[in-house]
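What follows is a set of notes on a single structure, which appears directly below.
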Protein chains: 2
Amino acid sequence: MNDLTERQKFILTLVIHEYIRTATPVASQHLVARYKLDMSSATVRNELAVLTERGYLRQPHTSAGRVPTEEGYRYFVSRLIQATELPDSTRRMISHQFYQMRYDVEQWMRLAASILAHQSRAASLVTAPHPEKARLKHLELIATRGRQVLMVLVMVGGEIHQRILILSEPVGQDQLSQAAHHITTLYQGKDAEQIRTLRSLVEGLEADVVEWVLEEMEQVDSVVAGEVYLDGLTNVLSEPEFTASDEARRALKLLEEPTLLQDLLARTVLTHTPGGIQVLIGGEGTWEELRQCSIVLGSYGAPGVAVGTLGVLGPMRMSYGRAISVVRFMSNLLSDLVTETLMDDSAIKPEGEVSHE
Amino acid sequence: MNDLTERQKFILTLVIHEYIRTATPVASQHLVARYKLDMSSATVRNELAVLTERGYLRQPHTSAGRVPTEEGYRYFVSRLIQATELPDSTRRMISHQFYQMRYDVEQWMRLAASILAHQSRAASLVTAPHPEKARLKHLELIATRGRQVLMVLVMVGGEIHQRILILSEPVGQDQLSQAAHHITTLYQGKDAEQIRTLRSLVEGLEADVVEWVLEEMEQVDSVVAGEVYLDGLTNVLSEPEFTASDEARRALKLLEEPTLLQDLLARTVLTHTPGGIQVLIGGEGTWEELRQCSIVLGSYGAPGVAVGTLGVLGPMRMSYGRAISVVRFMSNLLSDLVTETLMDDSAIKPEGEVSHE
DNA sequence: TTTAGCACTCTCACTTCGAGAGTGCTAATT
DNA sequence: AATTAGCACTCTCGAAGTGAGAGTGCTAAA
C-alpha cells in the first residue's frame, strides 16, 4: 500500500479545487486546458484511474469526469490542503467590528455567526461561551409582588440567569437585599459543588434561596453548550446539489433540532484539541442527515473558564481552505475577546478562598 | 358589480380547500366526485368560469383545472372562512406545557415558536414581549476588576439588560452597591424621559451611572420589537411549490435578515387591532420576496405594558383555518401569561409616585 | 514513461407522439 | 331560465427515439 506520488497528489488537489468551483464532474482534458498542465490528457487519465482505484475519486457513470469521494476530501483536508489566511484587510475589518461593540457577548455571538456565514458562504453556528463549572459571582433578589421574587444570578464570566421564585410567605425588599448580600459574600467564586458542602452556613429564608441557586447552577452545568446562534442557513439552499432534493431540508432540520445540535457539539467537543480545527466530512457515518454535508468546527475561549464552539456547515463540496481559515481566525479572535474580558475577572478569586467573612 | 351567489361562494371554498389539500389545479369533475355534489360537472364549470372572470381563480393553461388567485384567497379569508377552534384536548395540552415552565419568558417564546410551527406546519416567528416604554425597576452594579463594572438593569416586566462600564477610576463594591441602591430608590418605576427630567437629583459617580442607564434604556425603547424567535423554517421547504425553485430561499432569507423582519413587524404592528389577526397574502405588493407566501400575524401582551408579535409564514397555499386558529389561540394564551406575570407587577408603582425618599 | 489515436459508452437535450385531462360551447332537457 | 349531456378542441405530460458530444480506456507508437 504505497502512498500517492507527488503528481497524483497534485492532480487530486486540482480535481477537488475544480469540482468545488464548478460542481460538475472534472474531465482530464479540462484540467490540462484550465491549468496549462505540462502533460497530455492521457497521462492525466492514467493518474485519475489510479486515484479512482484508490477510492479517492469516483465516476458518476462510465464515461464522465471524476468526482471526489468522501475519502478523497478527507485525504485532501488532512494532508494536501495548504494553510491559507484571510487577507489582512479583511482580518482588520472583522477585528474592528468586534472591538467596536465591546463587552456585549450576545452581540459578539450574532456578529460571529454572521461573519462566519458570510465569509464561508455556508451556514454557521456559534455557541455562547459556557463555563465548565458555573461559579457564582453575585446574587440579587428583587421583590415583584406578594410572594413572587425575581432571582438574578450573575456568574463569574458575566453570564446572567434569572428565575422567578414563589416564597412561602411575603418578604420585604430590604430583607431580600440583605439575604442576597449575605449569600453573595459567603459563596462568591464558588461552584455548585462547593456551595453544596457549605450549605449549612445559612438557615431559614436564606437556606431556601441557596437551594434555588444550587438548582439553577446545576441546571446550567448540565447543559453542554450555551445558546446556539445560527446564520446563513439560506446559503446552503443555494448550492446546486441541494436545490432539487430534500437533502437540504434534512440538513437544516438538524440545525433546528436543539437536541441533535447539542449531541453533535457534545461528541465533537469531547474529542477536540483546543485551538485545533475539526473537519467532519459526510456525516462521518454517524449523522444520516449530513451525508452530503461537511462541517468545519473549532472551539474558542479560555480553557478552564469558559469555552464555546463555532463552525460552518456546507455541502461536502465546500471550500475547505476558506472555511478552515475563517473558522480558525474567528476562533482566535473570540478567544482573545473572551480571555480579555473574563480571564482576569475570574482570577480575582482563586478557588477556595473566602474574602471577607 | 353583483356579489357572488351562495353557490359560487360555496364552490370557491371547495376549490380553495381542495387546492390547499392537493397543490394541483382543481377540475370540475374532480369536485363533483370528491364532494358528491348535487350538480353536474358542466354546472360547476359554468360557475368556475364566473369565478375566473371575477378574478378569484385562474387557469395555469387553457385546459387545466382552476387555481385560486391572491384575490381568491383574500375573498376567502375575509368573507368565507368559518372560525375553527383547536381541539379541546390540544388546547389543554398546550396550556399545560406553558404553565409547567412558569415565569421563564425565554422558554415561553421558544415553546410558542415551536408549537406554532408544529401546529400550522409552517415557519413561525414570535417576538419577545417588548414594553412600549422601558421603566426601571432595579439597578445593580457589580465590580469586576479595576475600573470595569457590570451594570445590570432590571426593567418593570422582568426584562434584564446588562452592560459593562469602564469608570474613570476604580470604585469599591460597597460604594457601587450603595450608588445602585440610591439610584434604584430614586428612579424606580420611571421611564427614560422621567428619569431625564429628574437627573439633577444625583451627582458625581451616580450621575455618570444614570447617564449610562439612560443610554441603555433609550436604546431599548428605540427597538421596535424584542428578540425574534423562529422555528419550523424547514416546514416551508417541504412544500411542493418550493422544492425546486429558489423562491423558498428568498422567503427564508427574509426571516434571516433582522432588518427586513423588523420592517415587516413594524409596518404590521402599527396597523394592527389588538387581539385581531392580520393575514398578509402574497406579500401584498410590498414584499417581493414573499410573492408566493402568506403570513398570519397576531399580537399579544398587555396593552400599554408590553406587547409582542407572533405569526406563521407559509406558502400562499397554506391552511388558513388552521393557521388562524392556532395564532389566535397562542395569542390569547401568551396574553394571559404575560398579563398574569407583568400586569400587577407594574401596577404596584403607578407612575409619578416616589415611594420612600 | 508518455502520448496520439480511436473505438466505445453514456448522458443530455431535443423532437415526436399519443394518451389523457379538462375545458368551452351547443343543443337538448327539465 | 337553469341545468346537463355530448363533443370537439386544446394543452400538458410522459415515453420513446435520436444524434451530438463529452469523456473514457485501451493499444500501439514515440
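The ranking of A:TYR103, A:TYR75, A:TYR187 by Cβ neighbour count inside 10 Å, starting from the fewest, reads A:TYR103, A:TYR75, A:TYR187.
From the residues A:PRO25, A:ALA122, A:LEU165, which one has its Cα farthest along the dipole of chain A in the positive direction, the dipole being from +1 and -1 charges on Cβ of Lys/Arg and Asp/Glu about the Cα centre? Of the options given, the answer is A:PRO25.
Residues whose amide H lies under 5 Å from that of A:VAL307, counting only those 5 or more places away or on a different chain, are A:HIS130, A:GLU132; hydrogens are built 1.01 Å from N in the peptide plane. For chain B, adding -39500 (n - 2.57) for each run of n ≥ 4 DSSP H residues and dividing by the number of residues yields -14500 deg cm²/dmol at 222 nm. Pairs of Cα atoms nearer than 8 Å and 6+ residues apart set the relative contact order; for the stretch B:145-289 it is 13 percent. Treating each Cα of the stretch B:1-125 as an identical point scatterer and summing with the Debye formula, the log10 of I(q)/I(0) at q = 0.13 Å⁻¹ comes to -0.66. Among A:THR185, A:THR268, A:THR339, the largest mean-square fluctuation in a Gaussian network model of chain A (Cα springs under 10 Å) belongs to A:THR185. Peptides B:56-68, B:309-321, B:195-207 ranked from most to least packed give B:309-321, B:56-68, B:195-207, packing being the mean of other C-beta atoms within 10 angstrom over each peptide's residues. Going by neighbour counts of Cβ atoms within 10 Å, the residues A:GLU53, A:GLU289, B:GLU215 line up, fewest first, as A:GLU53, B:GLU215, A:GLU289.
Per-residue extension of 0.36 nm, minus the Cα-Cα distance of A:LEU80 and A:HIS61, leaves a gain of 4.2 nm for this segment.
Residue-wise HN-Hα couplings along the stretch A:61-68, as the Karplus relation 6.51 cos²θ - 1.76 cosθ + 1.60 with θ = phi - 60° gives them from phi, are 7, 2, 10, 9, x, 9, 10, x Hz; Gly and Pro carry x. When +1 charges are put on Lys and Arg Cβ atoms and -1 charges on Asp and Glu Cβ atoms, the dipole computed for the protein assembly as shown relative to its Cα centre reaches about 3280 debye. Inter-copy label distances for A:THR43: 8.3 nm (label point placed 7 Å from Cα along Cα→Cβ; shortest first).
Measuring spread by the Cα atoms of the stretch B:1-49 yields a radius of gyration and Dmax of 10.6, 32 Å. Largest mean-square fluctuation among B:GLU159, B:GLU216, B:GLU169, in a Gaussian network model of chain B whose springs join Cα atoms under 10 Å apart, belongs to B:GLU169. Charging the Cβ of each Asp and Glu at -1 and of each Lys and Arg at +1, and nothing else, the dipole of the stretch A:87-170 about its Cα centre rounds to 80 debye. A simple spin-label model places the labels of A:ASP336 and A:GLN178 5.0 nm from each other, with each point 7 Å out along Cα-to-Cβ.
Applying the Kirkwood pairwise sum to the alpha-carbon positions of the protein assembly as shown produces a hydrodynamic radius of 29.0 angstrom. Using the alpha-carbon atoms, what tilt in degrees (0 to 90, nearest 10) does helix B:41-54 show relative to the longest principal axis of chain B? So the inclination is approximately 50 degrees.
Would you report the distance distribution of C-alpha pairs in chain B as whole percents per 10 angstrom bin, up to the bin with the largest distance? Pair shares across the bins are 5, 21, 24, 20, 14, 8, 5, 3, 1. The mean sequence separation of alpha-carbon pairs under 8 Å and at least six residues apart, normalised by the residue count of chain B, gives a relative contact order of 19 percent. Filter A:LYS137/B:LYS190; A:LYS253/B:LYS253; A:LYS190/B:LYS137 down to the pairs with a C-alpha to C-alpha distance above 18 Å, please. Result: A:LYS137/B:LYS190; A:LYS190/B:LYS137 exceed 18 Å.
Per-residue Karplus couplings for the stretch A:120-136, computed as 6.51 cos²θ - 1.76 cosθ + 1.60 with θ equal to phi - 60°, are listed in order as 8, 6, 9, 6, 10, 9, 9, 9, 5, x, 10, x, 5, 10, 5, 10, 6 Hz, Gly and Pro entered as x. Label points for B:SER222 are taken 7 Å from Cα along Cα→Cβ. From this copy to the others they lie 4.1 nm apart, shortest first.
Across the stretch A:70-75, coupling constants 3J(HN,Hα) worked out from phi with the 6.51/-1.76/1.60 Karplus curve, θ = phi - 60°, read 4, 4, x, 4, 4, 4 Hz, and Gly and Pro carry x. Principal-axis analysis of the Cα atoms of chain A puts helix A:258-270 at an angle of about 80° to the longest axis. In chain B, the longest principal axis of the Cα atoms and the axis of helix B:247-256 are about 20 degrees apart. Residues in the stretch A:101-138 near a label at A:ASP263, defined as backbone nitrogen under 20 Å from the 7 Å Cα→Cβ point? Flagged as within label range: A:125-127. For the stretch B:51-95, the share of alpha carbon pairs falling in successive 10 Å distance bins from zero is 24, 31, 20, 17, 7 percent.
All of the numbers you see were taken from the coordinates with simple rules; none came from a lab. These numbers come from a predicted model, not from an experiment. In this analysis, Cβ positions are derived from the backbone assuming ideal geometry, glycine residues included, and neighbour counts consider all displayed protein chains.
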